[in-house]
Amino acid sequence: MGAGHVHRDDSRTRSKTKVLTIALILTGIYMFVEAVGGWLTNSLALLADAGHMLTDVAAIALTLSAVWFASRPPTANKTFGYYRLEILAAFVNGIALVLLSIWVIWEAVQRWRDPGEIHGPEMSAVAFGGLIINIIAAKLLHSDHSHDLNVRGAFLHVMGDLLGSLAAIVAGVLILAFGWLWADAAGSILISVIIVFGAWRLILESVNILLEGTPAHIDLRTVEAAILATEGVSGVHDLHIWTISSGIVALSAHISHFQSVPHSELLTEIRTMVNEQFGIDHLTIQMETHDNEAEAIYVCRSGIRCFEPAGSRTQNH
């Protein structure tokens, strides 16, 4: 077998842990500030934002836990380690965002009918403080959110809060300037809808990874064509490409080649090409000669040792 190795950049993991910790502390502190401010000003937008911050605290804590577990070495029972915990954390974060947004929309509809008294100036002041905190947290998480699904979940939570703070500020100004009490509920609904769209995409991407689907940025047919275009290759079958965790893509394939072609040199050429063109560095490739491709089958049955049919001259590297 030709195999790459699953690995992570330890310096990136340490940096990610640091920024997540800072974001967790900042978000946790201001969550209490917004909750108290929302209760004192009777603002659903602030209470909703505090609720989002509560899920932020849980989401970032979950993300940190997943990062810590993912850094643990593989074991005999967990040969890929705990990388998939990061994807599970992203999936849970997405579900939490959708459920919270639905709750906020429901409450906003009720509040629209009976807005009650809302203190616009105080509401805007508290929301502005939340906006500053969320901008800092979003900036901290921004560098990793594009290539790390787990961090993206935490980033979406923070961006939801940032937009929620903006909505609360605008609602406070409208209430203060025009007496539009409904602006508080309207802002909450608008932001919740935006969050649901982002969360739904996060859920779909997480599910695709958990189901070992082909990564969205890689076209399976293009990879197959590139392998077949390599001189000496006569066929490709059982080609699979999947994501182990964010940034770790794996490939397995059976590649047949002509008897006259040195399989070790061809294997090196294919591995190099796949890595350079498609960024896949965890490869498991079985090389098979063209004449014996149909015989290159290993039969395994429960409780019986795997065996190779007689006459097969399969070469494994």
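General remarks:
- If the condition is being in contact (Cβ under 8 Å) with a residue 12 or more places away in the chain, farther than 17 Å from SER206 by Cα and either among the small types (Gly, Ala, Ser) or not in a helix (DSSP H, G or I) (or both), then the range 92-115 contributes SER101, ALA108, PRO115.
- Among residues of the range 88-98 being surrounded by 24 or more Cβ atoms within 10 Å (Cβ to Cβ) and not small (Gly, Ala, Ser), the one that is nearest to LEU149 (Cα to Cα) is ASN93.
- Selection status of TRP68, out of contact with any strand residue (DSSP E or B) (no Cβ under 8 Å at 6 or more places or on another chain), over 22 Å from SER165 (Cα atoms) and modelled with pLDDT of 75 or more: yes
- Flag if GLU212 is surrounded by fewer than 18 Cβ atoms within 10 Å (Cβ to Cβ), free of Cβ contacts under 8 Å to residues at least 60 places away in the same chain and over 25 Å from the mean Cα position of the chain (by Cα): no
- If the condition is being surrounded by fewer than 20 Cβ atoms within 10 Å (Cβ to Cβ) and within 23 Å of GLU205 (Cα to Cα), then the range 251-274 contributes only SER252.
- Here the range 225-237 is the region considered, the condition is being surrounded by fewer than 16 Cβ atoms within 10 Å (Cβ to Cβ) and farther than 16 Å from GLU276 by Cβ, and the residue that is nearest to the chain's Cα centre (by Cα) is HIS237.
- Some residue of the range 123-134 being out of contact with any Leu (no Cβ under 8 Å at 6 or more places or on another chain), modelled with pLDDT under 80 and not in a helix (DSSP H, G or I): no
- Any hit, the range 188-205, residues being assigned by TED's automatic domain parsing to the domain that holds LEU97, touching an Asp or Glu at 6+ places or on another chain (Cβ under 9 Å) and surrounded by 19 or more Cβ atoms within 10 Å (Cβ to Cβ): yes
The values are calculated or read from the model by the stated rules, or taken from the named source; none is laboratory data. The shown structure was predicted, so the numbers you read here are calculated from the model rather than taken from an experiment. Cβ sites come from the backbone with ideal geometry, for glycine too, and all protein chains shown count toward neighbours.
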